[in-house]
Amino acid sequence: MKANRAVLTGMVFLMMVGSAMAEKPLSDYSFIRGVCYPGGWRNDQAIIERDLGYAQRVHLNSTRVWLGYREYKKNPDGFIKTIQNYVRTAQRMGISTMPVLWNGNGLNPDTLKENFRPEGEAYIKAVVEALKNEKGLLMWDIMNEPLWNDYYNNAPAEEKAKREAEIRDFVRYYIKFVKKLDPVNAVTVGYAFSKELEGSADLVDVLSFHDYLETRQRVENSYRVAEEVSKKYGNKPILNSEMACIARANPYDMALEICERHRMGWYVFELMIAGYWNEVHGLFYADGTIRDPSIIAAVLGFYRNRDLNTSIKPNPNREGGVTRALEQLEAALKDDPSVFGYTKTSTDKILEAAEYCANFLESAEMVPMYEPPTARIRFWREQPEEKRDRDAIRAFAYELGLTLKRQCRIF
């Protein structure tokens, strides 16, 4: 029985891994649970395997990675070997790859000109020929956010339409060029907004847009537009290939919940809390710890209860634990008051009592968690006793106690 169960588990795993790899355009990509890993393919093997190992742990099955012709030009052979190694490594770990061939964010207007075509074609041909037969290739993203760059956004009013047409023609040209080189694998374009999808909806196999909008209604409207475009062009499959940003009021919890409701595949931005976007994006730190458990819960399909009719507020003092913690803290904050034998309570004792209180506050989510109280306690504990700022520790512990009393309404 155990053997049969093991075989069945293995078969399910292989089916899941296989479903993340597409040998031809599909009619449905809702199975994609992906993450952007912009420059991760450039990392050394140990880091790639470490990072993708984190992706495995939360059952992600695809990555979206950014390539670049400037980098290719510097070392064509090295570039191709590096991206091939990444795609193969990811595939071996059950994770597919969507390479982004051009990046609209850093658009160089010179690449839009006719005289750049031979150079651009050489780069694209080298990449496509190297990867088109790789089992781990999911699809081609021709260009990331074609209309989100200074060349277009800062254009004088009289130039706007002309520049948009230039960019649109560039994108459409390379869609056709890639399809000629690789008539098997799917092609998409990762537009910054769903309202831009019609720029190439007739040519791509998969519609792809990004959503970093600020409220549920705005996000829902974005999906509605995408679904209308899909219906207009024969119900083409849709992906949300970028979402979730702390700095744009687009939390992972909200973004993923709405996307799942619309039954679309997705890529969150991004796998690692590192680099330029480290303050506003990312699932994992390098050591595997996380910034916010609600992000990981959302990736796994679990969302916070926001229904006041059904949610139950925690009561950390139900068994009298908070009362006991406050008594321990009060005792720790009292130094020996004798006139001749005056002694100070050790900071270890104060920190122990502070942690007792902090654990109640954190588990009941009664304090902001962007800098958990226990993180500060750990910071002080890592210092030798003689180097700790005792006054700061006492003040911190005192305020912690007041917060716990107030939140639990203990007088």
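Summary of computed values
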{"read-out": "Checklist (1) in a helix (DSSP H, G or I); (2) over 19 Å from Gly34 (Cβ atoms) applied to Pro316, failing item", "value": "(1)"}
{"read-out": "The one condition in (1) surrounded by fewer than 16 Cβ atoms within 10 Å (Cβ to Cβ); (2) modelled with pLDDT of 95 or more; (3) not hydroxyl-bearing (Ser, Thr, Tyr) that Ile377 fails to fulfil", "value": "(1)"}
{"read-out": "Some residue of the stretch 306-314 being closer than 30 Å to Arg57 by Cβ and of a type in the set (A, V, I, L, M)", "value": "yes"}
{"read-out": "Looking only at the stretch 121-133, and only at residues there that are buried (at least 19 other Cβ atoms within 10 Å of the Cβ) and of a type outside the set (Phe, Trp, Tyr), the one that is nearest to Leu181 (Cα to Cα)", "value": "Val128"}
{"read-out": "Failed condition for Gly106, given (1) small (Gly, Ala, Ser); (2) within 29 Å of Ala46 (Cβ to Cβ); (3) crowded, with 21+ Cβ neighbours inside 10 Å", "value": "(3)"}
{"read-out": "Candidate set from the stretch 143-178 (those that are aliphatic (A, V, I, L, M) and either surrounded by fewer than 13 Cβ atoms within 10 Å (Cβ to Cβ) or in contact with a Ser or Thr (Cβ under 7 Å, 6 or more places away or on another chain) (or both)); member that is nearest to Lys125 (Cα to Cα)", "value": "Ile175"}
{"read-out": "Within the stretch 70-165, helices (runs of 4 or more DSSP H) holding 3 or more residues that are in the same structural domain as Asn240 (by TED's automatic domain parsing) and within 19 Å of Val204 (Cβ to Cβ)", "value": "117-131"}
{"read-out": "Count of residues meeting criterion [surrounded by fewer than 21 Cβ atoms within 10 Å (Cβ to Cβ), of a type in the set (S, T, N, Q) and either at pLDDT 95 or above or more than 20 Å from Trp380 (Cα to Cα) (or both)] in the stretch 323-361", "value": "5"}
{"read-out": "Residue match in the stretch 40-47 (condition: surrounded by 15 or more Cβ atoms within 10 Å (Cβ to Cβ) and in contact with a strand residue (DSSP E or B) (Cβ under 8 Å, 6 or more places away or on another chain))", "value": "yes"}
{"read-out": "Verdict on Val58 being touching a residue at least 60 places away in the same chain (Cβ under 8 Å) and more than 17 Å from Val187 (Cα to Cα)", "value": "yes"}
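Quick grid of which residues meet (1) out of contact with any strand residue (DSSP E or B) (no Cβ under 9 Å at 6 or more places or on another chain); (2) at pLDDT 95 or above; (3) surrounded by 18 or more Cβ atoms within 10 Å (Cβ to Cβ):
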residue: Lys232; (1), (2), (3): yes, yes, no
residue: Ser241; (1), (2), (3): no, yes, yes
residue: Cys259; (1), (2), (3): no, yes, yes
residue: Met264; (1), (2), (3): no, yes, yes
residue: Val268; (1), (2), (3): no, yes, yes
residue: Asn278; (1), (2), (3): no, yes, no
residue: Tyr285; (1), (2), (3): no, yes, no
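The values are calculated or read from the model by the stated rules, or taken from the named source; none is laboratory data. No experiment lies behind these values; they were computed from the predicted model shown. Please note: Cβ atoms are built from the backbone with ideal geometry, for glycine as well, and neighbour counts cover all protein chains shown.
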